[in-house]
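So the structure is just underneath, and the comments pick up after that.
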Amino acid sequence: MDAPIDLNFPARLARRLAARLETDPDTLASVFARYRAAEGIDDAGLAAYFAVDPDVLPHIALCGRPRDALFLTDVTAVAERFSFDPSLLAVLVRHVDALHEFGRGVSSGHGRFLAAARDRAAEDTPSYNAAPDASNLDDSDQPEDESLKRGGKR
């Protein structure tokens, strides 16, 4: 993220280079490719998301993926360079990260994420509005003081 990208670099060449970098996880090109695939959108939809000209999108894609230790700094630098809201990029990158993590759990065969919902047996929980069933009460649930049983005061 040190050297600024020259926007005079022809968009056609930037698109070709970004397409080649889609398999490099250290680039936004890779993040964008995963996002497009997951959300079923194209470059025009992604450019609309960032509210940038479609010819600018390949230049953004050529940037490095935000580093975990400098996430906010990196996201802000890219957003300022290309004049869009940094929160849009932050949300998109974290969305792709989450999809990747969930995909790893499911595709690994361990079913970690699916099994987590079944870790506990279903419990019968009474409705909050349901009246208590007096037949289930034993003597330990009753007040010890006879005056309290009759509704009186101590």
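Worth a mention:
- Charged neighbours of Glu22, selected by a Cβ distance under 14 Å, balance to +2 (K, R count +1; D, E count -1).
- Label-point separation in nm, Arg36 to Glu80, each point 7 Å along Cα→Cβ: 2.9 nm
- The fewest-to-most ranking of Leu99, Leu72 by surrounding Cβ atoms within 10 Å reads Leu72, Leu99.
- Ranked list, fewest to most other Cβ atoms within 10 Å of each Cβ, for Glu22, Glu39, Glu80: Glu80, Glu39, Glu22
Bear in mind these aren't lab numbers, they're just calculated from the coordinates by the rules spelled out. Please read these numbers as outputs of a predicted model, since none were measured by experiment. We place every Cβ from the backbone using ideal geometry, glycine too, and count neighbours over all the protein chains shown.
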